[in-house]
Amino acid sequence: MKTKKIVLMALLTAIALIIFVVEARMPNPIPIPGAKLGLANIVTVYAMFVLGPIPTLMILICRIFLGSIFSGQMMSLFYSLSGGMLCYASMLVMRKIVGLKQIWVCSVVGAIFHNIGQIAVAVAITRTSGLIAYLPFLMVSGICAGALTGMGAQFIVRRLPYGQ
C-alpha cells in the first residue's frame, strides 16, 4: 500500500471512531431500545466506494474493536462484529450493482443485514428465539438510519476527490 492510502485509512478510522464515541454519549433519538443512527457507518460506506473492499474491511474491524474498548463494553464486540461483517458482505455485493448515484441504497441494505447479524448473535448468546420478534422494529429503524447514513456518504463522495 502507498503511504497516502495508509494515512487516509488511518484518518477515516479515527473519524469513524470519534463519531462512534460522540454518538454513544448522546441521548438516542430513536425510541427503539438498542437502535441507533450509526453515523460512523457514513465512513464505512464512503470507504467502500472510494477505497475499495480490503481497506474498508480494515477500517471497519479497527473501528469495531477500538469502539468496544473505548466504550468499555467488550460484549458489544460480538454484536458489532457480526452485524458489521454481514453489513460489509452485503455492501460488497451491492457495490457492484448500484452506481455512485445510489450509494444510499447500498447503505440501507447494509443496515438491514447489520440488524440481522445482531439479532442472530443475540439469539445465539441468550438462546432465546423470541428475540426474532424484535427484528421488524429494528428493520424499520435500520432502513431509516441506513438511508440517512447512505445519503451522508453519497454527499461526501460527490464533494471529496474520488479514488484517492
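No lab work stands behind these numbers, since they all come straight from the coordinates. What you see is a predicted model; the values in this text were computed from it and never measured. Cβ atoms come from the backbone with ideal geometry, glycine included; neighbour counts cover every protein chain shown.
Given the options A16, A120, A153, state which has the largest fluctuation in a GNM of the chain using a 10 Å cut-off (strictly under) for Cα springs.
A120
Mind jotting down the distance between the C-alpha centroids of segment 111-153 and segment 18-39, whole Å?
When both Cα centres are located, 14 Å separates them.
Please work out the FRET efficiency for the pair I132 and I30, using the Cβ-Cβ distance as r and a Förster radius of 25 Å; give the result to the nearest 0.05.
0.80
Out of these labelled values of Cα Rg over 2.2 N^0.38 Å, (1) 1.00; (2) 0.94; (3) 1.05, which was calculated from the coordinates shown here?
From the options (1) 1.00; (2) 0.94; (3) 1.05, the structure gives (1).
Listed highest first by mean packing, meaning other Cβ atoms within 10 Å per residue, what order do 55-61, 3-9 come in?
Highest-to-lowest ranking by the protection proxy: 55-61, 3-9.
Hey, what angle do you get for helix 3-25 against the long axis of the chain, alpha-carbon based, 0 to 90 degrees rounded to 10?
Tilt of helix 3-25: around 30 degrees.
Using only Cα atoms, tell me the angle between helix 103-126 and the longest principal axis of the chain; keep it within 0 to 90° and round to the nearest 10.
Tilt relative to the chain: about 40 degrees.
Work out, step by step, the length gained on full extension between M74 and L92: first 0.36 nm times the residue separation, then minus their alpha carbon distance; give nm to one decimal.
Gain on stretching M74 to L92: 3.8 nm.
For segment 3-159, what is the relative contact order in percent, using Cα pairs closer than 8 Å and at least 6 residues apart in sequence?
Result for segment 3-159 is 27 percent.
May I ask for the angle, rounded to the nearest 10°, between helix 76-97 and the longest principal axis of the chain, with both axes built from Cα atoms and the value confined to 0 to 90°?
Between the helix axis and the principal axis of the chain, the angle is about 50 degrees.
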